[in-house]
Amino acid sequence: MTGRRVPVAALIALTVAVLAAGGGVLAYAFGAFSRLELAAGDTLSHVRQRTPTNVAIVAIDAQTLSDLDVRPPLRRTLHAT
């Protein structure tokens, strides 16, 4: 019975892929990309340079929650009106 041989190039490609994926996972787990990630976020915020105009900050105090007899998270019918 003759067995099928896997080409050497396929084994090399598979080994390189597994090592690259494992190295990426280890680097991410140990925080090697954290500075790069923060720098990318800073760059994106500078590139956009837009201030949203349709944002409202709403505070709900304990008395209002008591009056409505609800607890967070609020139902959409209450906070979307």
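The values are calculated or read from the model by the stated rules, or taken from the named source; none is laboratory data. A quick note: this is a predicted structure, and the numbers were derived from the prediction, not measured. Cβ sites come from the backbone with ideal geometry, for glycine too, and all protein chains shown count toward neighbours.
Figures for the structure shown
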| item | result |
| --- | --- |
| Where a residue in the stretch 42-56 is part of a helix (DSSP H, G or I) and its partner, wherever it lies, is surrounded by 10 or more Cβ atoms within 10 Å (Cβ to Cβ), with Cβ under 8 Å and at least six apart | none |
| Evaluation of L78 against (1) hydrophobic (A, V, I, L, M, F, W, C); (2) at pLDDT below 85; (3) within 25 Å of the chain's Cα centre (by Cα) (one fails), failing number | (3) |
| Residue check, R35 free of Cβ contacts under 8 Å to residues at least 60 places away in the same chain and not in a loop (DSSP other than H, G, I, E, B) | yes |
